[in-house]
Structures are given as structure tokens and as C-alpha cells.
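For reference, the structure is listed below as C-alpha cells.
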Amino acid sequence: MHIHILGACGTFMGGVALLAKRAGHRVSGQDQHTYPPMSTQLESEGIELFEGYSPECMESSPPDLVVIGNALSRGNPAVEHVLNSDIDYVSGPRWLGRNYLKGKKVIAVAGTHGKTSTSSMIAWILEAAGLNPGFLIGGIPGNFGYSARDGEAFFVVEADEYDTAFFDKRAKLVHYRPLIATLNNLEFDHADIYPDIKAIQTQFHHFIRTIPGNGTIISNGSDNRLETVLDMGCWSQLERFSEEEGKDWQVRCLEPDGSRLSFHHHGEEVGSMAWSQFGRHNAMNACAAVGAAVAAGVEPRLAVEALASYQGVKRRMELIQDANGVRVYSDFAHHPTAIRLTLEGLRRNVGNARVLVGMEPRSNTMRSSVHVHELAPALTAADRVWMLTGDGIDWDPHEVLAPLEGRGRVVMKGDDMLEQMLEAARPGDHVVFMSNGGFESIPARFSRALKGDEND
């Protein structure tokens, strides 16, 4: 079958393309911007890519099926061609759930935060246990070097609550029918899709309804919003995890920064380890991952030991440069809670060293005023903050950063942010760039300039 992917260079859709190719299909794709690393990864697998959304490539080589990403909508030339030509089409999650995951033991990771990290931890634990899992992860795990692969019995997938496609407004997560699911946390996000937290809770409960009675849910026992969802009905085996005592799974931070952890199941320690990650949020992600892996049959101590060699995920506090005494990190955080937890973890790790933050409010939720009052408190662990803004923000960034008492600066151009942060940086500093987008390549440009690359 010839499968054509619209939006092929996105992390999820690129993963779908790779899995379809490895399943034996002829695969091609289109995207507005076909650029590395995803473009090179797809092309190395023999997937033909086309820049832009002209329908010409489909006219010259008509596909049997078009998989349409959720970033595309009516009015897109390729979408209009598919509809006008009566070509069979489907969403990425629907294709994955119906055509690829059937017969797999699916482990799905849901939650507002931590899905990518937790998914990659689970995949690595299963790999260390010799189970050769398949996975589709919204980032590139350091232990694997790619975001998707085929495997044997188990398949790990991020269960995203964002909508599926322009023609299917259900959350992506309802399509995967997992045997094991983790519920990491639940906060209001995706304000362009959901009117309030109750709407997201409804989607999470639709997800719970798809988990079989002999399946297992590993849920954050400290999250009241998740407890509300579970109170709507739960028909599967349920285990709760927390830093608190009295839950089925407990993680304890043996160091304040979370760089050493111990894990307890029903009150008994099952293992401890030191690892390269830090932050209490990562400790909770690790606890969820251990619980899910044990539900899949991995011996608890082996699960904990595997995390000691876990290498993290690209753009999740990824150290991208250490030059002239300045350490530079790239991070995906774009929600106030994720920003706060990430910076608090870094602060505990680096002590009194200066932390400089460059960020952009890029997501639809952050560009609205939904979380505007939470942003400055989320940044309090930073010594200096630069915020790159532009059109489409429903709030005054100067007013929002005012509680930082002069430590926050609003900039309108990426070049200005780059210049100001380079001027401010000095040996011993930790510089964190936070964005869920391309960020005008500022992190990479900053790193090159820091090294004195004259080509920047």
C-alpha cells in the first residue's frame, strides 16, 4: 500500500511514517518545512519527502491512503485535494491504533507534563530487561537516538490529550487502547481546544474507559484532578505513585536535587540508584516508569537499576554546550508548572550559581491569558530572564514580569535577546533556553557564539 503523510516532519507524524515504512508500506510525505533531523531520518529510510503542500505529488503518484496530521485544516491545498479527489484518509492516531498497535501490548503515557520523559524511561527499562520494545515518543531518547521504532510484544506510546485531526476532535489518547497506562498529572492546557479543566478530565476518563479490566493504571496519587477522573469510574487494576508514604509506589529523593532516588512498593524498598537527571518532577516520572515496567513483568530491582544508565531526552534540560565556563541547556518547557519544576530542579542542582533564562510564550495556551499570573512565580528560581514576545499575545509582558523586580526583560527580536544574553553571560553561569518551538535557533546560535564561532 502507498501511504502518504501530510505533516510528515512533525515528531509524531514522522514516527508514524517510520512505522508504516517498517511495516512494509511504500511511504511518502509532505510538510511545510522539511528539515533535519526528521527529514534526514525519513529520507534515510527511503521515504520520499516533498516541501510544501502542493497536491502535485499526489496527482503524479496517487496514494492509496493519506494520513493527515492535526496541524492541517480545511483550506490547506493538500487537504482540499484529498477531499475533492475522494482519496481515503485517516488521522495519525487512528492509523496507529487500528493498523499498527493491534495485537501489541501497549503502554500509554498520559498527562499534562512528563509524557516524553516517562515514555523514554519505560522504553529504556524494557530494553534493559531484554524485551525489545517498540515505541513512538515525542522526542529523541538519548539511549536510542531516534523517536520511533518497531519492536516485539510491547509498544510504548505517548498518549497526548490534544485533538486528533480537523475531522476528529477527540483526544489522541482514546485511539491507543493500552494494556498499561500511566497518568502522570493533569492541569489545564491547550486553551485553543478545551474551554476548561473539566473538558480535559472528560477526555482522560474516555481514555480510562478503553483500558481493559486485566490492564493496569499507574496514577499520580498526589494529583486531585486525576482522583476526580478516577472517581468517574475505573474498571482496571489501579496503583498510585507519589513522593508521599501510603501509596502503592513511593519515590524518595536521597539528594535535594533528585540525583539519587530510592523506590518503595507497598512500603518496602525495591531499589535505589544515582542517575544523570535531576528535579523532583523527574523523580515522579521515574516512579511512574518503574510502576509501569513492573506491571509489564519487569523485576522491580532491574527496573530501578536500568534508570541509572538512562540518558534523558533531547530538549529536556539537554546540555548542548559547555564552553568558557558557561553551561547551556535546551528545554521544551512551555507551561508554568513545567517551567517552575525544571528551574527549581536546576537550582537545587547548581546551588548559588547564576541561572539565566531565555524563553518564549509560544503555545496557544501561553499566548492567551489563561496562565499569565503563574508565569512570574514559575521563574523565581532564575537570576535573569529574557522573554521573546511578538504579535498575538493577549497580555502585557512587562506587567507580567514586573514581580521579578528588574530581573525580567522583554525583547521583541531574537537578535536582541541573543546579544543581551551573550553580554550578560559569565563563567559559572547556567543558561537555559525554554521553548516548544524553533526559537529562531537562538540556543544553537548562542552556543556557537559562546565558543567564538565567527560564522555565527
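Could we say that residue 108 is in the same structural domain as residue 185 (by TED's automatic domain parsing), within 21 Å of the chain's Cα centre (by Cα) and within 30 Å of residue 289 (Cα to Cα) here? So that I can check it myself, show each step before the final result.
Details: in the same structural domain as residue 185 (by TED's automatic domain parsing): yes; within 21 Å of the chain's Cα centre (by Cα): yes; within 30 Å of residue 289 (Cα to Cα): yes.
Yes, satisfied.
Considering each of 220, 214, 185, 143 in turn, give the residue that is assigned by TED's automatic domain parsing to the domain that holds residue 116 and under 16 Å from residue 104 (Cβ atoms).
On the way: 220 fails: under 16 Å from residue 104 (Cβ atoms); 185 fails: under 16 Å from residue 104 (Cβ atoms); 143 fails: under 16 Å from residue 104 (Cβ atoms).
So the residue among 220, 214, 185, 143 that is assigned by TED's automatic domain parsing to the domain that holds residue 116 and under 16 Å from residue 104 (Cβ atoms) is 214.
Tell me which residues, restricted to the stretch 280-312, are part of a loop (DSSP other than H, G, I, E, B) and charged (D, E, K, R).
Going through the stretch 280-312, the residues part of a loop (DSSP other than H, G, I, E, B) turn out to be 296-299, 308-312.
Passing the criteria: only 299.
Name the single residue, out of those in the stretch 396-452 being among the acidic types (Asp, Glu) and under 20 Å from residue 339 (Cα atoms), that is surrounded by the most Cβ atoms within 10 Å (Cβ to Cβ). Can you show your working first?
Here is the first cut: in the stretch 396-452, the ones among the acidic types (Asp, Glu) are 396, 399, 405, 415-416, 419, 423, 429, 440.
Retained after the next criterion (residues that are under 20 Å from residue 339 (Cα atoms)): 396, 399, 405, 429, 440.
Details: 396: 13, 399: 11, 405: 8, 429: 20, 440: 16.
Among them, the one singled out is 429.
Which residues, taken from the stretch 324-335, are at pLDDT below 85 and part of a strand (DSSP E or B)?
Of everything in the stretch 324-335, nothing turns out to be at pLDDT below 85 and part of a strand (DSSP E or B).
Hey, which of the strands (runs of 3 or more DSSP E) in the stretch 1-67, taking only ones fully inside, have at least 1 residues that are in contact (Cβ under 8 Å) with a residue 12 or more places away in the chain and under 15 Å from residue 92 (Cα atoms)? I'd like the intermediate steps shown before the answer.
Working: elements: 2-6, 26-31, 48-51.
In the stretch 1-67, 2-6, 26-31 are the strands (runs of 3 or more DSSP E) which contain 1 or more residues that are in contact (Cβ under 8 Å) with a residue 12 or more places away in the chain and under 15 Å from residue 92 (Cα atoms).
Can you name every one of the strands (runs of 3 or more DSSP E) wholly within the stretch 336-453 that holds 3 or more residues which are under 21 Å from residue 321 (Cβ atoms)? First the steps, then the outcome.
Details: elements: 355-359, 384-388, 408-411, 430-434.
In the stretch 336-453, 355-359, 384-388, 430-434 are the strands (runs of 3 or more DSSP E) which contain 3 or more residues that are under 21 Å from residue 321 (Cβ atoms).
Just name the residue that is nearest to residue 11 (Cα to Cα) out of those in the stretch 104-121 that are of a type in the set (S, T, N, Q) and at pLDDT below 95. Break it down stepwise before answering.
Our first condition is that a residue be of a type in the set (S, T, N, Q); within the stretch 104-121, this holds for 112, 116-120.
Now drop any that are not at pLDDT below 95, which leaves 112, 116-117.
On the way: 112: 17, 116: 11, 117: 14 Å.
Per the criteria, the residue is 116.
For the stretch 22-58, what are the residues that are of a type in the set (D, E, K, R) and surrounded by fewer than 18 Cβ atoms within 10 Å (Cβ to Cβ)?
Of all residues in the stretch 22-58, those of a type in the set (D, E, K, R) come to 22, 26, 31, 43, 45, 48, 51, 56.
Answer for the stretch 22-58, where residues must be of a type in the set (D, E, K, R) and surrounded by fewer than 18 Cβ atoms within 10 Å (Cβ to Cβ): 22, 26, 43, 45, 48, 51, 56.
For the stretch 1-55, which residues satisfy the criterion of being among the hydroxyl-bearing types (Ser, Thr, Tyr) and touching a Cys at 6+ places or on another chain (Cβ under 9 Å)?
Let us first name the residues in the stretch 1-55 that are among the hydroxyl-bearing types (Ser, Thr, Tyr), namely 11, 28, 34-35, 39-40, 44, 53-54.
The answer is 28, 34, 35, 39.
Just checking, how many residues over the stretch 76-105 are in contact with a helix residue (DSSP H, G or I) (Cβ under 8 Å, 6 or more places away or on another chain) and under 17 Å from residue 294 (Cα atoms)?
Summing the residues that are in contact with a helix residue (DSSP H, G or I) (Cβ under 8 Å, 6 or more places away or on another chain) and under 17 Å from residue 294 (Cα atoms) in the stretch 76-105 gives 0.
Which condition from (1) modelled with pLDDT of 95 or more; (2) surrounded by 18 or more Cβ atoms within 10 Å (Cβ to Cβ); (3) at positive phi; (4) not charged (D, E, K, R) is the one that residue 266 breaks?
So residue 266 meets the others, but not (2).
Out of the stretch 191-209, which residues are surrounded by 19 or more Cβ atoms within 10 Å (Cβ to Cβ) and either within 18 Å of residue 97 (Cα to Cα) or within 18 Å of the chain's Cα centre (by Cα) (or both)?
Correct list: 200, 203, 204, 207, 208.
So, in the stretch 359-380, of the ones that are at pLDDT 80 or above and surrounded by fewer than 20 Cβ atoms within 10 Å (Cβ to Cβ), which residue ends up nearest to the chain's Cα centre (by Cα)? Step through it out loud before you land on a result.
Filtering the stretch 359-380 down to residues at pLDDT 80 or above leaves 359-361, 373-380.
Of the ones still in play, those that are also surrounded by fewer than 20 Cβ atoms within 10 Å (Cβ to Cβ) are 373-374, 376-377, 380.
Numbers: 373: 24, 374: 21, 376: 23, 377: 23, 380: 24 Å.
The selected residue is 374.
The values are calculated or read from the model by the stated rules, or taken from the named source; none is laboratory data. What you are looking at is a predicted structure, and each value in this text was computed from that prediction instead of being measured. Quick reminder, even Gly has a Cβ in these numbers, built from the backbone with ideal geometry, and neighbours come from all protein chains shown.
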